[in-house]
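The values are calculated or read from the model by the stated rules, or taken from the named source; none is laboratory data. Only a predicted model underlies this, so the values are computations on that prediction, with no experimental measurement involved. Please note: Cβ atoms are built from the backbone with ideal geometry, for glycine as well, and neighbour counts cover all protein chains shown. Just the protein is used for accessible areas: all its heavy atoms, side chains included, with ligands, DNA and RNA removed. Shrake-Rupley method; radii C 1.70, N 1.55, O 1.52, S 1.80 Å.
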Amino acid sequence: MNVITAYLDTMFSAYPVTPRMAEAKTELRGMMEDAYTSLIAQGHTENEAVGQVIRDFGNLEEVAPVLGITSLLSGAEAGPADAVAGAGVTATSPAYPPVTLDEAKAFAAAQRASSRRIAPGVVLFVLSPITLIVATVAAETGHLALSEGAASMLGLLVLLSLVAVGVLLCLAAGRETAPYARLDSGDFSPNPEVTAWAKTHAAVHEPRRSRALQVAIALWILAAVPVLAFSLLTEEWADTDFWSAVGVGLTLAVVATGLAVYLPHTWSSTVAETFADGAPGEARDDDDEDSIVGVIAAFYWPLLTAAFLAWSFLGNAWHISWILWPVGAVLFGAIAGGIGALESYRSSRK
């Protein structure tokens with residue numbers, strides 16, 4: 001119910017506070033509360049009920065005839081311009097066209113579709129070196145009936161293929177959001193109705209995004225377990241290098257799983273940041289914590305893999321180079337956890 005109240009406050013904030021508008025606001029609140037109670041009684045969850053109420057009553061212009069305030073809305077829209085003109089001052093149009101609710105919803109749908117392409121793309125980037133690592137060491141230790149050169153070539157082919165598919169997915173994600181470049185850069189004038197919708201939208205999707213982040217952070221921290229287990233528990237075996245490589249592969253797989261859980265849910269906070277915090281004619285700050293985690297993950301793990309391979313091959317240090325993975329996994333988990341904590345703190349201060 002707090003979300004509905006906040007939505008109403010934002011809807012009416014653009015209009016003069018008059019007795020008739022206050023009466024209409026109270027009447028609309030009663031209608032929304034009745035609809036909310038009915039939906040809860042039908043078995044809908046709180047988030048589902050709030051979302052449905054916003055969809056049914058969230059456009060003030062559509063419900064104005066029912067409330068009997070159509071003329072008041074028209075007068076409020078014309079009033080400021082008329083007052084400025086009457087004072088001998090030239091009224092200026094907004095620096096950018098205002099965003100509409102339909103446009104905002106289409107942008108949200110595009111962001112959601114884009115995240116579903118970016119997520120598997122980043123996952124493929126992280127998984128791409130596994131075959132190269134495991135196959136090369138397996139051939140060197142005799143676990144794979146291939147020469148070291150053939151095993152390395154096989155690994156490189158798999159790596160390049162997965163990277164190519166990942167790049168194609170990321171390019172496809174870019175095409176999804178390309179039509180909404182002005183919204184993504186903040187080149188629009190705010191609309192109270194859209195701002196209210198964005199806040200409600202964020203409140204509805206935030207629990208799912210938070211749970212995904214928590215699961216992902218846990219997986220990133222636990223990603224150190226496979227490489228530690230295979231390296232420490234097999235230290236008496238003759239083929240320790242092979243099992244260490246297998247542990248590295250499993251570590252990358254756990255990291256990729258965390259990204260697969262988390263990245264598809266980052267779109268909702270991007271939408272909220274775009275419309276809730278945007279200022280008239282000013283581009284929003286691209287400091288969204290979810291985007292930061294995704295960007296860091298996109299280059300962090302490939303760089304760590306490159307460092308591991310360089311150290312292992314050039315220094316023939318397979319017996320010790322595995323230490324990069326537990327350290328890197330714990331560090332990444334700490335980074336992601338810190339970003340999540342910062343986000344929670346900032347949200348609590350709003």
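Here's the picture: charge each Lys and Arg Cβ at +1 and each Asp and Glu Cβ at -1 in the stretch 96-229, and of Leu219, Ala135, Asn191 the one pushed furthest to the positive end of that dipole is Asn191. Spacing of the modelled spin labels on Thr5 and Ala35, each 7 Å from Cα toward Cβ, amounts to 2.0 nm. Relative contact order of the stretch 92-169: 36 percent, from C-alpha pairs under 8 Å at least 6 residues apart in sequence.
Give me the percent of accessible area attributable to carbon and sulfur for the stretch 96-181, probe 1.4 angstrom.
Its accessible area is 69 percent carbon and sulfur atoms.
Legend: P(r) of the stretch 144-246 from all alpha carbon pair distances, 10 Å bins from 0, whole percents, reading 11, 16, 28, 20, 14, 9, 2.
Shown is the FRET efficiency for Asn59 and Ala164, computed with R0 = 35 Å from the Cβ-Cβ distance and rounded to the nearest 0.05: 0.20.
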